[in-house]
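Every read-out reported here was derived from the displayed coordinates using simple, explicitly stated rules and does not represent laboratory data. All values reported here derive from a predicted model rather than from experimental measurement. Cβ sites come from the backbone with ideal geometry, for glycine too, and all protein chains shown count toward neighbours.
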Amino acid sequence: MKIQSNHTEPVVLQPISTATTQAAQSTAQPVDQAQDSFSPSQRQKMLDALNSQPDVRPEVLARAKQLAADPNYPPSNVIESVAKSVINDSNLS
């Protein structure tokens, strides 16, 4: 299914803060493609990395609130286009 946007406004992506990027890079480990396995110690490292991240990103929450308050978002033509695509898709599994 191909969805084409009729939205005329450009989508602006907000960059992740430098501190977040640096923190992610400092905890990232190179992946050895030859050894594709998982161990409990890796699980704990992943959980620790996950738990060190903030539960809420304020800039994303602010954008979501802004969009939720906009009665014109998403535009009705986008809603109609998506609805038609879903209705016309024979593979709704």
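One table, with the values for the structure above:
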{"quantity": "Residue list for segment 71-88, filter: exposed (fewer than 10 other Cβ atoms within 10 Å of the Cβ) and either assigned to a loop (DSSP other than H, G, I, E, B) or of a type outside the set (S, T, N, Q) (or both)", "calculated": "PRO71, ASN72, ILE87"}
{"quantity": "Matching residues in segment 47-66 - criterion: being under 19 Å from the mean Cα position of the chain (by Cα), among the aliphatic types (A, V, I, L, M) and surrounded by 10 or more Cβ atoms within 10 Å (Cβ to Cβ)", "calculated": "ALA49, VAL60, LEU61, ALA62, ALA64"}
